[in-house]
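The next block holds one structure in the form of structure tokens; read it before the comments.
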Amino acid sequence: MPTSDNTEVIRQRLATLREQLDLHAYRYHVLDDPLIADGEYDRLFRELLDLEERYPDLRTPDSISQRVGAAPLDTFATVEHRLPMLSLENAFTEQELFEFEERLRRFLNLNDPIVYMAEPKLDGLAVELVYCEGLLTVGSTRGNGRLGEEITANLKTIHTIPLRLTATTGQPLPALLEVRGEAFLSMRGFAALNEQRALDGEPLFANPRNAAAGALRQLDSRITAQRPLDFFVYAVANPAQLAAASHHEVLQKLQELGFKINPHIRHCASMVEVATHFRELSRLRDTLPYDIDGMVVKVDDLGLQRRLGNKARSPRWAIAAKFAASQATTVLRDVEFGVGRTGAVTPVAILEPVTVGGVTVSRATLHNEDEVRRKDLHIGDTVLVQRAGDVIPEVVKAVTEYRPAGARPVSMPVACPECGGPLVRPAGEAVTRCVNQHCPAQRLQGLIHFTGKAGMDIDGLGKASLEQLAAAGLVNDLPDLYTLTAEQLQPLDGWGEKSAANAIAAINRSKQTTLARFLAAIGIRHVGEVTAGLLEQRFGTLTALLAASEADFLEIEGIGEQVAASLVRFFADDTARTMLARLADLGLALTPPRQVASALPLADRVFLFTGGLAACSRSEAKALVKTLGGQVASAMNKKVTDLVCGAKAGGKLKQAREMGIRILGEAEFQELVQETSGTEA
Ligand code: IVH
């Protein structure tokens, strides 16, 4: 045992070593400007490891030794992002960039120039890093935007992610900072990794992005540490944590805190400059040491960003400009027709496998009948296939010059390829559907969705098992799942005592779930995870949801007419109601959500607008109310609590006076939202 004097000496030596190593690693990895030779660095690092080995009590969570990885985990924990990690809308042409600017102007009612930041869109994985009092405490994947996987130990192995934020003189470190950026593998790192895998006889990664994903999802972070991952930061969840006024200021402050910022980020005084930078980046693309698949354009002014706010999945203040897609030619072998859970019949091209943009493509959607006609496809045709970044591959056209003699044109089936039932294509719609309510393919797809990751997430019941259960007549609809017993499963092919018991246990576990998960699982058209989350926040319980009207749905920010109509249709349907009742009888219990909505400052208030507003557009004002938890009415009714009067307010003002409703002038309204939006919606 060391004496306490000795301990103090060691502690100091460790502190010195860490300080030196931190500095040298920063110079080497972030600034690419090392101060000492590699050998010297290695010597210091070994001394640190040695001392920490001998005095494990003196290890610290921000020691650079953490970068070599830690003992393997059993599973990844799930973390909830305090603020959701959104995705981006895409622009595929320059024209669409200017249309984006038009939308901004309309929404903000603004004619002044808008300043942008244009950044390479890195083709890696989005991650969030949470720093508490300057110390990296949690790192996670984006996941579905709300829930991600905790991969702190893996992220700590990345040298360009600071374990502790650098304090600059005169500026206190933020108590909490949620940093977002892209973890990626350079092309060189990717090539080296695949070379090694080829030598070891292991399967190769298709592209740097997949390789980076594989590295980040290692339960053993010591393996992650051997993969040369890198990181560029591009945002913070809440810019208020950095007291910045613009996005470029955010980036500058992040750089001061020790992060690496991409060198090709440009501050652009107009959309014309943005477009110029886009062309520049497209040219640079092939010379960069890492993959990028486009450019992200962000409104620089954080005040404007806040006014613009978010839609359900993406912010209004940013857009991703995608590079032209990579293309390749291959042969169309066949066309299959898939039947989805809504009965939609989708033609799928079966292709001679071909590599497009680094990924092997052997199937591509042909969308619908019109697309097939328009492309005049024949089996055996040579076709042009393209893939744009994360977009699913598609067939662009047939190269008719190469068409083999006697090739058979592709035509839509006349009956459902699965059940033989009638197909209907309603006038004005592009989709052909099987309208047989009992179509087994639709039911099966519905079951697959229900048990899948985006649904109830029931382990041990994959597509093949469900096909088997349906074929055995054990499961025909969703409630049937909850009547299954281990005794029924066991005798089936491929099942044993243990797997049957596990599957039943997983099914039973899924009985306790949230309203959001359940809504996303039961397959209401146009209702996915995001919309389900909005419905849960607004209604809390299934009973409240069942009592809601179309107008109630439309009051939710992020729900439009199509979704509202689909909800009404679903809940009015007898089959659906019977299914819900049966599920409840079988013990499905929805846990109440955390009270998010009512915690928002304008919860319980319903706003009605009248007259013209001067400072912002009507849509902006409405979006603001909804973001702060309030509701917006489209006409005077008993639920309205606040009337906001702009110029030339009409009859509504008189009505409001008679009804004793609170009346706000525009200035008062602006004051109210400014006061309340400090809470960061
Ligand atoms: S900003 C709300 N900036 O693109 C804004 N994203 O669809 C969110 N990405 O997977 C992101 N480079 O990881 C932003 N410079 C950049 C980016 C970037 C790549 C990725 C991001 C996410 C996707 C957004």
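The values are calculated or read from the model by the stated rules, or taken from the named source; none is laboratory data. Since this is a predicted model, take the numbers as computed values, not measurements. Quick reminder, even Gly has a Cβ in these numbers, built from the backbone with ideal geometry, and neighbours come from all protein chains shown. Each accessible area value is taken on the protein alone, full model and side chains, heavy atoms only, with ligands, DNA and RNA left out. Shrake-Rupley method; radii C 1.70, N 1.55, O 1.52, S 1.80 Å.
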(message) As a test of the definition: which semi-axes, in Å, follow for segment 183-335 when you take the square root of five times each eigenvalue of its alpha carbon gyration tensor? Largest first, please.
(response) 33, 23, 16
(request) Please quote Rg/Rh for the chain to two decimal places, taking the Kirkwood radius as Rh and restricting both calculations to Cα atoms. (result) 0.99
(request) Would you mind giving the average projected area, over all directions, of the Cα convex hull of segment 438-562 in nm² with one decimal? (result) 8.1
(message) Within the chain, which is the longest segment that contains none of the trypsin sites (Lys or Arg not before Pro) sitting in a DSSP loop with at most 12 other Cβ atoms within 10 Å?
(response) 83-452
(request) Please work out the C-alpha center-to-center distance from segment 58-112 to segment 211-261 and express it in whole Å. (result) 10
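I'd like the antiparallel share, as a percent to the nearest 5, of DSSP beta bridges with both residues in the chain.
Around 80 percent of the beta bridges assigned by DSSP in the chain are antiparallel ones.
Ratio of Rg to Rh for segment 443-497, alpha carbon only, Kirkwood?
Rounded to two decimals, Rg/Rh equals 0.93.
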(request) With a probe of 1.4 Å, find how much accessible area segment 599-677 has per residue, and write the answer as a whole number in Å². (result) 49
(request) Work the Kirkwood hydrodynamic radius out for segment 96-215: mean of 1/r over every pair of different alpha-carbon atoms, inverted, in Å. (result) 17.7
(request) Name the cysteines of the chain that stand alone by the Cβ rule: no other cysteine Cβ under 4.7 angstrom. (result) 132, 268, 616, 645
(message) Keeping every protein chain present and rolling a 1.4 Å probe, give me the accessible area per residue for segment 386-471 in Å².
(response) 55
(message) Along the Cα→Cβ direction, 7 angstrom out, place labels at residue 497 and residue 401. What is the inter-label distance in nm?
(response) 6.9
(message) Which residue, 335, 308, 264, has the largest displacement toward the positive end of the dipole of segment 259-351 when charges sit on each Cβ (Lys, Arg +1; Asp, Glu -1)?
(response) 308
(message) For segment 335-483, report the % of Cα-Cα distances exceeding 20 Å.
(response) 58
(request) Mind checking which lysines have their Cα closer than 18 Å to the Cα of residue 260? Skip sequence neighbours fewer than 8 apart in that chain. (result) 121, 156
(message) Under a Cβ-only charge scheme (Lys and Arg +1, Asp and Glu -1), can you give me the dipole magnitude of the chain about the Cα centre, in debye to the nearest 20?
(response) 1520
(request) For every other residue with a beta carbon closer than 11 angstrom to the beta carbon of residue 177, add +1 if it is Lys or Arg and -1 if Asp or Glu, then tell me the sum. (result) -1
(message) Could you work out what % of the accessible surface of the chain is carbon and sulfur, using a 1.4 angstrom probe and leaving DNA, RNA and ligands out of the count?
(response) 51
(message) Over 14 Å apart: what share of the alpha carbon pairs of segment 552-593 falls there, rounded to a whole percent?
(response) 62
(request) Skip the ligands, DNA and RNA, and give the accessible area per residue of segment 46-88 with a 1.4 Å probe, whole Å². (result) 60
(message) Tell me the accessible surface of residue 432 in square angstrom (1.4 angstrom probe, heavy atoms of protein chains only), to the nearest ten.
(response) 10
(request) Above 21 angstrom, tally the Cα pairs of segment 288-399 and express them as a % of all pairs, no decimals. (result) 52
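Can you tell me the length gained on complete extension of the stretch residue 217 to residue 636, counting 0.36 nm per residue apart and subtracting the Cα distance?
Length difference between fully extended and current span is 145.5 nm.
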(request) Within the set of other residues whose C-beta is less than 15 Å from the C-beta of residue 612, count the net charge using Lys and Arg as +1 and Asp and Glu as -1. (result) +3
(message) Name the residue from 355, 107, 289 whose Cα lies farthest towards the positive end of the charge dipole of the chain, charges +1 on Cβ of Lys and Arg and -1 on Cβ of Asp and Glu.
(response) 107
(message) Given points 7 Å out from each Cα along the Cα-Cβ axis, report the residue 62 to residue 288 separation in nanometres with one decimal.
(response) 3.0
(request) Starting from the Cα of residue 28, step 7 Å along the direction of its Cβ; do the same at residue 566; then give the gap between the two resulting points in nm. (result) 5.2
(message) Within segment 551-589, name every residue whose backbone N is under 19 Å away from a label modeled 7 Å from Cα of residue 435 along the Cβ vector.
(response) 566, 569-570, 573-576
(request) Would you be so kind as to identify all helices of the chain, as entire DSSP H runs, whose Cα atoms reach 30 Å or more along the helix's own axis and whose mean Kyte-Doolittle hydropathy is at least -0.5? (result) none
